[in-house]
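Notes to accompany the following structure.
The values are calculated or read from the model by the stated rules, or taken from the named source; none is laboratory data. All values derive from a computational prediction rather than experimental measurement. Because the Cβ atoms are built from the backbone with ideal geometry, glycine has one as well, and the counts that use them run over all protein chains shown. Remember, those area values only see protein heavy atoms, side chains included, never the ligands or the DNA or RNA. Shrake-Rupley method; radii C 1.70, N 1.55, O 1.52, S 1.80 Å.
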Amino acid sequence: MRDLNIDFMDLYKRADRFIKDAYSSSEGVSEYIRLMEASFNRGSANIRGWKSDYDNLKHIRWIRNQLAHEVSYDSDICSESDYEWLEDFYKRLFSSTDPLGELRTFEHKVSYSRSKPSAANRPQQSPRVVYPPPQTMQQRPNVNRSAGCLSTFIMMLILSVSIIISLFMFL
C-alpha cells in the first residue's frame with residue numbers, strides 16, 4: 001500500500017502542476033473542480049461522463065488531502081482503481097479530452113456553426129484553407145522551457161571559457 005500511495009501522490013502532483021500551468025492558477029485540481037462546478041449544467045448536458053469525472057476528481061482530491069494531512073502512507077486509503085482513474089485523467093488533460101477541454105471544443109463548434117451563414121445566403125467563393133484560431137496560453141500544452149534555458153546556459157559557458165582561454169594565450 002505504501003508504494004501505491006507514494007505513486008498516487010506523485011501522479012497527483014504532476015496533474016495538479018499541469019492544471020496550474022494550463023489554467024494560470026495557484027490552486028490546480030481545486031480550481032479545475034471549481035471551473036467544472038461553474039459550468040456544471042452546460043457540461044453535464046453536453047459532455048458524456050461529466051458527472052462521473054466530477055465525482056471522481058473530488059474523490060481523488062479527498063484521497064490526496066487524507067494522505068497529506070490525516071493518515072499515513074501505510075494506510076489502505078488509495079486503491080488501484082483510484083490510481084488508474086487519475087492516470088487516465090492525466091493523459092486526457094494532455095490530449096484536451098478532459099471534461100473542460102471537451103466542453104471548450106463543443107462550445108467552439110456550436111458558436112462556429114451559429115456564426116456560419118447558410119449555404120443559400122452565402123456568396124459563391126473560391127475554396128480556401130481555414131486555419132484554426134490561435135491557441136491561448138491556457139490551451140497550449142505544457143512546454144518544457146528548461147531545455148532551451150539549459151542549452152543557452154551551456155553555450156554561454158562555452159563562449160566564456162573560450163574567451164578566457166584566448167586571453168591567457170595572449171599573455
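So here's what we get for this one:
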item: Residue count for region 42-61, restricted to those that are over 20 Å from R14 (Cβ atoms) and among the aliphatic types (A, V, I, L, M); result: 2
item: Some residue of region 83-105 being farther than 16 Å from I33 by Cβ, outside any helix (DSSP H, G or I) and touching a Phe, Trp or Tyr at 6+ places or on another chain (Cβ under 7 Å); result: no
item: S81 vs. criteria among the polar types (S, T, N, Q) and either more than 12 Å from F8 (Cα to Cα) or surrounded by 10 or more Cβ atoms within 10 Å (Cβ to Cβ) (or both); result: no
item: Residues located in region 1-31, provided they are more than 27 Å from F106 (Cα to Cα), touching a Phe, Trp or Tyr at 6+ places or on another chain (Cβ under 7 Å) and either open to solvent by 40 Å² or more (accessible area, probe 1.4 Å) or acidic (D, E) (or both); result: R2, I6, D7
item: Residues satisfying the stated conditions in region 18-44, i.e. touching a residue at least 60 places away in the same chain (Cβ under 8 Å) and not β-branched (V, I, T); result: F18, D21, A22, Y23, S24, Y32, L35, M36, S39, R42, G43
item: Selected residue (criterion: surrounded by the most Cβ atoms within 10 Å (Cβ to Cβ)) from residues of region 32-51 that are of a type in the set (G, A, S) and within 19 Å of the chain's Cα centre (by Cα); result: G43
item: Out of I33, I63, sole residue that is closer than 20 Å to T97 by Cβ and assigned to a helix (DSSP H, G or I); result: I33
item: Hits in region 1-43 (condition: farther than 19 Å from L67 by Cβ and small (G, A, S)); result: A22, S24, S25, S26, A38, S39, G43
